[in-house]
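Visitor: Shown below is the structure under consideration.
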Amino acid sequence: MATPLQLSNPAQEQAVADILSRPRAVFMQGNIDNELAFSGRFNWRWTSAFVSKAAVQLTSQGNMVSLENDYTGADFSASLKAVNPSILDGGVTGMLMASYLQSVTSRLALGIDAFWTRPAMAYPPELNVSYAARYRTEDWMACGQIIPDRGVLEASYWRKLTDKVETGINCNLAFAGIGPGGPMAGPQKEGNVTIGAKYDFRQSSFRAQIDNQGKVACLLEKMIAPPIRVTFSGEIDHKQNAAKLGLAVAIEAADEAVMEQQEQQGAAMSAGAIPF
């Protein structure tokens, strides 16, 4: 008697079932507004250390596609990202970004970041490499970043004063005009210093910052109820003689996967950014 036809492999079925049953392995989110502008994100977590991300934006001003792969090891993290990649113009165009962060000790980490861009084949490619360092303890953190090709130096310091109070300072120094295309007058220095503070109340949070250009900004975030959050923001630019006010109401009705994704994006920061 002939054996029945086997339509699938049990081992493959088990592998697929393990992936699909893994908690929060897939994340999808899409938005469309009244102007028919669409934005969507899709994340697929292959393992606990490796995740692939895709994002797309379709608007009347232009379209954008982003592909990213992140890997987090025991003492390092690596990322590779491409924005609007294409080979249809006779060569590679778009933006490519690669970064690597290695923990030297339990507190010291060193990283390198490379950014390659070529908007069209009519333009030559441009490559910028930056180097970063971070030293972190339980209640303070210091970061530094340098971009030699652009003449940019950035440093920041953050400290947790109490359980409710945090403060930090960020310094950015740019030597404009470095290189063969610089002005005849020679390099020019441009610096910016920003000081900020954060205070956490029981159901609200207050942030404020001021820089050396005369710009003052503050933000108050209030949790009215567990799903409702109200945010007030204001900014005064004394140099430009301008002011801005903002009000936002958010209703967090998403599941745990969406909320976790939003928290991770908000917590992500560059090597030279104040972490609030």
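Visitor: Taking the options Leu58, Leu108, name whichever one is within 28 Å of Ala25 (Cβ to Cβ) and of a type in the set (A, V, I, L, M).
Guide: That would be Leu58, the only listed residue that is within 28 Å of Ala25 (Cβ to Cβ) and of a type in the set (A, V, I, L, M).
Per-residue answers, yes or no, for (1) in contact with a Phe, Trp or Tyr (Cβ under 9 Å, 6 or more places away or on another chain); (2) under 27 Å from Ala25 (Cβ atoms):
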{"residue": "Phe50", "(1), (2)": "yes, yes"}
{"residue": "Asp89", "(1), (2)": "no, no"}
{"residue": "Met95", "(1), (2)": "yes, no"}
{"residue": "Met121", "(1), (2)": "no, no"}
{"residue": "Asn128", "(1), (2)": "yes, no"}
{"residue": "Thr137", "(1), (2)": "no, no"}
{"residue": "Gln145", "(1), (2)": "yes, no"}
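Visitor: Taking the stated definitions as given, is Pro85 within 23 Å of Val152 (Cβ to Cβ), out of contact with any His (no Cβ under 6 Å at 6 or more places or on another chain), loosely packed, with under 15 Cβ neighbours inside 10 Å and not aromatic (Phe, Trp, Tyr)?
Guide: For Pro85, the condition - within 23 Å of Val152 (Cβ to Cβ), out of contact with any His (no Cβ under 6 Å at 6 or more places or on another chain), loosely packed, with under 15 Cβ neighbours inside 10 Å and not aromatic (Phe, Trp, Tyr) - is not met.
Visitor: Here's something else I'd like to know. Could you look through the range 48-65, keep only residues that are exposed (fewer than 13 other Cβ atoms within 10 Å of the Cβ) and within 21 Å of the chain's Cα centre (by Cα), and pick out the one that is nearest to Asn84 (Cα to Cα)?
Guide: Asn63
Visitor: Let me ask something else. Residue by residue through the range 130-156, note down the ones that are more than 19 Å from the chain's Cα centre (by Cα) and not hydrophobic (A, V, I, L, M, F, W, C).
Guide: Once the filter is applied, which keeps residues that are more than 19 Å from the chain's Cα centre (by Cα) and not hydrophobic (A, V, I, L, M, F, W, C), the range 130-156 yields Tyr135, Arg136, Thr137, Glu138, Asp139, Pro148, Asp149, Arg150, Gly151.
Visitor: Check the range 98-109 and report whether any residue there is of a type in the set (Lys, Arg) and assigned to a loop (DSSP other than H, G, I, E, B).
Guide: Looking through the range 98-109, at least one residue is of a type in the set (Lys, Arg) and assigned to a loop (DSSP other than H, G, I, E, B).
Visitor: Considering each of Asn43, Asn31 in turn, give the residue that is in a strand (DSSP E or B) and over 18 Å from the mean Cα position of the chain (by Cα).
Guide: Asn31
Visitor: For the range 102-123, which residues satisfy the criterion of being among the basic types (Lys, Arg) and under 30 Å from Glu138 (Cα atoms)?
Guide: The one that is among the basic types (Lys, Arg) and under 30 Å from Glu138 (Cα atoms): Arg107.
Visitor: Six or more apart or on different chains, Cβ atoms under 8 Å: show the pairs whose first residue is in the range 145-160 and closer than 19 Å to Leu101 by Cα and whose second is among the acidic types (Asp, Glu) and surrounded by 17 or more Cβ atoms within 10 Å (Cβ to Cβ).
Guide: Partner pairs satisfying both residue conditions: Gln145/Glu154; Ile146/Glu154.
Visitor: If I ask for residues that are β-branched (Val, Ile, Thr) and not in a loop (DSSP other than H, G, I, E, B), which ones from the range 124-143 would you list?
Guide: Hit for the range 124-143 is Val129, nothing else.
We did not get these values from a lab; they are worked out from the coordinates using the rules stated. Note that the structure is a prediction, hence the values are computed from the model and not measured. Here the Cβ is made from the backbone with ideal geometry for all residues, glycine too, and neighbour counts use every protein chain on show.
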